[in-house]
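*Asks:* Dropping a structure here in structure tokens format, bear with me for questions.
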Amino acid sequence: MLVKSKNGTGEYLNEMNIKKTPIAGLLIFEPKVFTDARGAFFESFNKKVFDEATGGQFEFVQDNQSLSHKNVVRGLHFQNPPHAQGKLVRVIKGAALDVAVDIRLSSETYGQYFSIELSEENGWMFWIPPGFAHGFKSLEIDTIFSYKCTNYYAPESEGTIRWNDTTLNINWGSSDCLVSEKDINGQEFHTFASHFHI
């Protein structure tokens, strides 16, 4: 789906290609990048475009940013209702393999994952609605990762599924990863009881 944004006079300023994925709800936003002798410009977020693609039911309330060394894995994280978070993520510098796991109980794709490479070169944004566990692996030195979140951080509601869970069998490219103790001790998927329903 190609969506165009306008200025106040009705003139088209930019356009963004929005792609669906094999898992319902997950969307890829591909902005049009304008380049010239000075460098490059693209629109990284447009509320009208986002609302048209997602039904206008989400508001972003918090932006997060992380810096990760090469081969760092962060995830798989989520927040339970009523503090569930949707995330619009992108890479500002470097590159990352981004992963979303469907944890919506009544979903036809429950327990399945989708992965995509996000980079400063492609400028893509990945929309992960509530009901997914999210993680990523940094593919380059000092990768800067940005998240726009639809709910505030609520530590009492957060959960972690083990990044290398054998049931999910996520292809991270290699097992030689730097992972926090919290994520190493994440819950195994076969013991996980989801609180999410479609």
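Rule-based calculations on the coordinates, nothing more; no lab input. The shown structure was predicted, so the numbers you read here are calculated from the model rather than taken from an experiment. Methodologically, a virtual Cβ is constructed for each residue, glycine included, from the backbone with ideal geometry; neighbour enumeration extends over all protein chains shown.
*Asks:* Taking the stretch 77-97 only, how many residues are among the small types (Gly, Ala, Ser) and in contact with a Pro (Cβ under 7 Å, 6 or more places away or on another chain)? Give the steps one after another, and end with the answer.
*Replies:* Let us first name the residues in the stretch 77-97 that are among the small types (Gly, Ala, Ser), namely 84, 86, 94-96.
Applying the additional criterion that residues be in contact with a Pro (Cβ under 7 Å, 6 or more places away or on another chain) yields 84, 86.
Total meeting the criteria: 2.
*Asks:* Tell me which residues, restricted to the stretch 75-104, are among the acidic types (Asp, Glu) and out of contact with any Gly (no Cβ under 7 Å at 6 or more places or on another chain). Talk me through it step by step, then tell me what you get.
*Replies:* Within the stretch 75-104, the subset among the acidic types (Asp, Glu) is 98, 102.
Once the filter is applied, which keeps residues that are among the acidic types (Asp, Glu) and out of contact with any Gly (no Cβ under 7 Å at 6 or more places or on another chain), the stretch 75-104 yields only 98.
*Asks:* Would you mention how many residues in the stretch 64-74 are surrounded by 11 or more Cβ atoms within 10 Å (Cβ to Cβ) and either in contact with a His (Cβ under 6 Å, 6 or more places away or on another chain) or not aliphatic (A, V, I, L, M) (or both)? Spell out how you get there, then give the answer.
*Replies:* Initial filter on the stretch 64-74 (surrounded by 11 or more Cβ atoms within 10 Å (Cβ to Cβ)): 64, 66-74.
Still in the list and also either in contact with a His (Cβ under 6 Å, 6 or more places away or on another chain) or not aliphatic (A, V, I, L, M) (or both): 64, 66, 68-71, 74.
Residues meeting the conditions: 7.
*Asks:* What's the number of the only condition in (1) crowded, with 16+ Cβ neighbours inside 10 Å; (2) out of contact with any strand residue (DSSP E or B) (no Cβ under 6 Å at 6 or more places or on another chain); (3) farther than 30 Å from residue 190 by Cα; (4) among the hydrophobic types (A, V, I, L, M, F, W, C) that residue 141 fails to meet?
*Replies:* Only one criterion in (1) crowded, with 16+ Cβ neighbours inside 10 Å; (2) out of contact with any strand residue (DSSP E or B) (no Cβ under 6 Å at 6 or more places or on another chain); (3) farther than 30 Å from residue 190 by Cα; (4) among the hydrophobic types (A, V, I, L, M, F, W, C) is unmet by residue 141, namely (1).
*Asks:* When the stretch 167-186 is examined, which residues are found to be in a helix (DSSP H, G or I) and surrounded by 10 or more Cβ atoms within 10 Å (Cβ to Cβ)? So that I can check it myself, show each step before the final result.
*Replies:* Of all residues in the stretch 167-186, those in a helix (DSSP H, G or I) come to 181-184.
Correct list: 182, 183, 184.
*Asks:* Return the residues of the stretch 187-198 that are surrounded by fewer than 15 Cβ atoms within 10 Å (Cβ to Cβ) and assigned to a helix (DSSP H, G or I); say none if nothing qualifies.
*Replies:* Matches in the stretch 187-198: 190, 191.
*Asks:* Please go through (1) in contact (Cβ under 8 Å) with a residue 24 or more places away in the chain; (2) under 28 Å from residue 197 (Cβ atoms) for residue 66 and return the number of the only condition it doesn't satisfy.
*Replies:* (2)
*Asks:* Could you pull out the residue among 148, 137, 182 that is under 25 Å from residue 110 (Cβ atoms) and under 15 Å from the mean Cα position of the chain (by Cα)? Walk me through it before giving the result.
*Replies:* On the way: 148 fails: under 25 Å from residue 110 (Cβ atoms); 182 fails: under 15 Å from the mean Cα position of the chain (by Cα).
Step by step, each of 148, 137, 182 is checked, and only 137 is under 25 Å from residue 110 (Cβ atoms) and under 15 Å from the mean Cα position of the chain (by Cα).
*Asks:* Next question, about the same structure. Do we find a residue being aromatic (Phe, Trp, Tyr), more than 24 Å from residue 62 (Cβ to Cβ), buried (at least 16 other Cβ atoms within 10 Å of the Cβ) and under 15 Å from the mean Cα position of the chain (by Cα) anywhere in the stretch 110-129?
*Replies:* Yes; the residues of the stretch 110-129 include at least one that is aromatic (Phe, Trp, Tyr), more than 24 Å from residue 62 (Cβ to Cβ), buried (at least 16 other Cβ atoms within 10 Å of the Cβ) and under 15 Å from the mean Cα position of the chain (by Cα).
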